Amino acid sequence: MSATEVLPLPLQLFTLKDGLVASDSGQEAVNNYAADFQGLRHFGLKVGECLELGAPWTGTLQEEDFTLNFAYFDAGTDAKDPGAGALIGERMPMFELLTHANSTEE
Amino acid sequence: MAASITPSLRSALERLKHAGSINGMLLCWRRQILINLLPFEEFRAERLLQVLHDARAHFGSGGDRDVGTFWFGYEGVFVLALFHGECLLVTLHTHAAEVDFLRRAGLTFLDDTQLLVQALLEPAPDDEISRVETQPLGDLESGGHPPQASGPTKVIPRHA
């Protein structure tokens, strides 16, 4: 492996509680995740408004080499409800990443 | 626009709609709806299209990100949005576990129908010309001779 080759982001897990994002992955990772999470949730709400589906309980975005998601536990979808999120630097199956996020509830 | 959709494109999308637990689909090109198979009014589909494009533009505004897939889960239904080239395919489905299968099926559909979408958006001018310049078959049937070709014509005799 060459020195200039960048390693893909490993799987990182985040918790959502009282409107705050927390993680063991460090402050920079939390800041980056929080920005994507807020954007994703905002557009999830907009999509829900369009189709009268309400607020999303989960959302995922995927790029060529990046996957990020969030999921609220139980029936809560408010910004302060408990939930979790995950990201990884690869195109991971979305259902599998949702399972990872949900597993942090236990 | 919807009325002029080629039957094959619509039928291909309707076949895909029978996959998995799909209960609605929307096919778009840029910010224009091509086929709406959603169980919602047209204006809702148009708003959905704008919101999804806005979402993609939001994440791509830094210039180095290209979000190709959004997937949202609501009470009883999921919304999967796939961007591919200038097309967008939105799928409503009910089983979360099917999302990765539906993503692959949707991208295959978008790959396979690029030519149909292109033909729909830019009808080839050759089609109109060839219709006008084609010699009607009636002349030949009533004893007329085929036009002389510059080169030799291959005739395969048919024996009884």
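Derivation of every value follows stated rules applied to the coordinates shown; laboratory data play no part. Remember, predicted model here, so these are calculated numbers, not experimental data. Positions of Cβ are generated from backbone atoms using ideal geometry, with glycine treated the same way; all protein chains shown enter the neighbour counts.
Screening region A:48-106 for strands (runs of 3 or more DSSP E) wholly inside it with 2 or more residues that are within 7 Å of chain B (Cβ to nearest Cβ) and surrounded by 19 or more Cβ atoms within 10 Å (Cβ to Cβ) returns the ranges A:58-63.
Across region A:8-28, what is the total count of residues that are touching a residue at least 40 places away in the same chain (Cβ under 8 Å), on the phi < 0 side of the Ramachandran plot and of a type outside the set (D, E, K, R)? Even if it seems obvious, please write down each step before you answer.
First pass over region A:8-28, keeping only residues touching a residue at least 40 places away in the same chain (Cβ under 8 Å): A:8-19, A:21.
Of the ones still in play, those that are also on the phi < 0 side of the Ramachandran plot are A:8-17, A:21.
Okay, now just the ones that are also of a type outside the set (D, E, K, R), so A:8-16, A:21.
Going through region A:8-28 one residue at a time, the tally reaches 10.
Only one of the listed residues (B:GLU14, B:GLU46) is charged (D, E, K, R), within 14 Å of chain A (Cβ to nearest Cβ) and more than 21 Å from A:GLY39 (Cβ to Cβ). That residue is B:GLU46. Tell me which of these B:LEU80 doesn't satisfy, since it passes every other one: (1) without any contact (Cβ under 8 Å) to a residue 60 or more places away in the chain; (2) out of contact with any Gly (no Cβ under 8 Å at 6 or more places or on another chain). Status for B:LEU80: all satisfied but (2). Of the helices (runs of 4 or more DSSP H) lying entirely inside region B:19-123, those containing at least 2 residues that are buried (at least 16 other Cβ atoms within 10 Å of the Cβ) and touching a strand residue (DSSP E or B) at 6+ places or on another chain (Cβ under 6 Å) span B:42-60, B:99-112. Determine, yes or no, whether A:ASP24 is surrounded by fewer than 17 Cβ atoms within 10 Å (Cβ to Cβ), in contact with a Leu (Cβ under 9 Å, 6 or more places away or on another chain), more than 7 Å from every other protein chain (Cβ to nearest Cβ) and farther than 30 Å from B:GLU41 by Cα. So A:ASP24 passes the test. As a summary of the residue check, B:LEU52 satisfies the conditions (1) closer than 28 Å to A:ALA55 by Cβ; (2) of a type in the set (A, V, I, L, M); (3) touching a residue at least 40 places away in the same chain (Cβ under 8 Å) except for the one numbered (3).
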